[in-house]
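Down below is the structure, laid out as structure tokens.
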Amino acid sequence: MDVLGPRIVIAAFDGWNDAGEAASSAIEALRSSSEYDLVHSVDPELYFDYQYTRPSTRMDAEGRRQLTWPEAGLWRPRDPAPGPEFWLLTGAEPARTWQAFASEFIDIALRDDITGLVTLGAMLADVPHTRPISIFASSQNEQVREAHGLERSLYEGPVGILTVFEHFAENAGIPTASLWASVPHYVASATPSPKVTLALLDRLEELTGVDVDRQTLRTEAATWEASIDAAASEDEDMAEYIRQLERTRDTWDSPEASGDAIAQAFERYLRRRDDGPGDRKR
């Protein structure tokens, strides 16, 4: 049996860990591929700052105003297919008491015999949209690295909630892996980012062997790329910048390039995210 086991939590959160909404969209694609039931949700009063993650309002079918509060929850498949089960952990990244937040879900995972955790993240990076999306696949678990040929991240510095979950899971005896996708920073506002989401799901299938229908996502990814091509064709500065990124990427992909290139870009991204004022990555 694979070291990640037969019951794997796939985790992604809105916010800092989710450039281009790529990681959270991957969770939504997984959830729409099957029927899921909510196992556990947190009390938003304990973990969210409503000035940072605000509630939203809408009108119901009878014209009454309803409030929707920030949330995070764990979902399980109603009728699991043969092979590893994907349980889904998703929601808004909490603003406070991260240790209690992670512990609450890890306790549920242990109760329900979760055997592995895979976190999905997306970062803005200096990469072209015209090339295959880079995925940095890593694990702090030696057995997982050996079984799947993953890297070990040597990053030191501020982190998001995904790293906290990995730390708590490993300490509880649940092996973990992490998949981070690079989102072209010049299209950060072009959300969602289906090409990036598709790359995450492709790599997740390689890691776990679980196939998810991605045909619609492939069509959306082609449309997304074509729309950016069209915008670049009308902006010579943008087009030249993309050509520079393509040359850099092609150098990385050459046989002479270092295998650490993506890992180095990932670490530069994390440090850069910590430079600005008002940083929320506590």
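In the set (1) in a loop (DSSP other than H, G, I, E, B); (2) at pLDDT 90 or above, the condition left unmet by ALA190 is number (2).
In the stretch 6-35, the residue that is modelled with the lowest pLDDT out of those that are touching a Pro at 6+ places or on another chain (Cβ under 6 Å) and not in a helix (DSSP H, G or I) is SER34. Listed here are the strands (runs of 3 or more DSSP E) enclosed by the stretch 42-159 that have at least 3 residues being more than 22 Å from LEU198 (Cα to Cα) and either over 18 Å from the mean Cα position of the chain (by Cα) or among the hydroxyl-bearing types (Ser, Thr, Tyr) (or both): 56-59, 65-68.
Results for (1) part of a helix (DSSP H, G or I); (2) more than 14 Å from the chain's Cα centre (by Cα); (3) crowded, with 22+ Cβ neighbours inside 10 Å, shown as yes or no for each residue.
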{"site": "TRP180", "(1), (2), (3)": "no, no, yes"}
{"site": "ALA199", "(1), (2), (3)": "yes, no, yes"}
{"site": "ASP202", "(1), (2), (3)": "yes, no, no"}
{"site": "THR216", "(1), (2), (3)": "yes, yes, no"}
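Could you count how many residues in the stretch 18-60 are more than 24 Å from ARG218 (Cβ to Cβ) and not aliphatic (A, V, I, L, M)? Show your work before the answer.
Initial filter on the stretch 18-60 (more than 24 Å from ARG218 (Cβ to Cβ)): 37-60.
Subset that is not aliphatic (A, V, I, L, M): 37, 40-41, 43-45, 47-58, 60.
Adding up the residues that qualify gives 19.
Sub-7 Å Cβ pairs linking a first residue in the stretch 99-126 that is surrounded by fewer than 19 Cβ atoms within 10 Å (Cβ to Cβ) to a second residue that is hydroxyl-bearing (Ser, Thr, Tyr), at least 6 apart or interchain, are LEU124/TYR269, ordered by first then second residue. As an exercise: evaluate GLU267 against (1) under 17 Å from VAL127 (Cβ atoms); (2) at pLDDT 90 or above; (3) surrounded by 13 or more Cβ atoms within 10 Å (Cβ to Cβ); (4) not hydrophobic (A, V, I, L, M, F, W, C) and give the number of the one condition it does not meet. Exception for GLU267: condition (2).
So if I check each of ASP250, ASP229, ASP211, which one is loosely packed, with under 13 Cβ neighbours inside 10 Å, at pLDDT 60 or above and not in a loop (DSSP other than H, G, I, E, B)?
Details: ASP229 fails: loosely packed, with under 13 Cβ neighbours inside 10 Å; ASP211 fails: not in a loop (DSSP other than H, G, I, E, B).
ASP250 is the lone residue from the list that is loosely packed, with under 13 Cβ neighbours inside 10 Å, at pLDDT 60 or above and not in a loop (DSSP other than H, G, I, E, B).
Looking across the stretch 42-66 at every residue that is of a type outside the set (Ser, Thr, Tyr) and in contact with a Phe, Trp or Tyr (Cβ under 6 Å, 6 or more places away or on another chain), the one that is surrounded by the most Cβ atoms within 10 Å (Cβ to Cβ) is identified as PRO44.
Of a type in the set (Val, Ile, Thr) and within 24 Å of PHE86 (Cα to Cα) - does that describe any residue in the stretch 143-157? Give the derivation first.
The first filter runs over the stretch 143-157 and keeps only residues of a type in the set (Val, Ile, Thr), leaving 144.
From what is left, the residues that are within 24 Å of PHE86 (Cα to Cα) are 144.
For the stretch 143-157, residues of a type in the set (Val, Ile, Thr) and within 24 Å of PHE86 (Cα to Cα): present.
Residue pairs whose Cβ atoms lie under 6 Å apart, separated by 6 or more positions or on different chains, with the first residue in the stretch 67-90 and buried (at least 18 other Cβ atoms within 10 Å of the Cβ) and the second assigned to a loop (DSSP other than H, G, I, E, B) and of a type outside the set (Lys, Arg), are PRO70/PHE48; PRO70/THR53; ALA72/VAL42; PRO77/SER34; PRO84/PRO6; PRO84/VAL210.
The values are calculated or read from the model by the stated rules, or taken from the named source; none is laboratory data. Only a predicted model underlies this, so the values are computations on that prediction, with no experimental measurement involved. Heads up, the Cβs are rebuilt from the backbone with ideal geometry, glycines too, and the neighbour counts pull from every protein chain shown.
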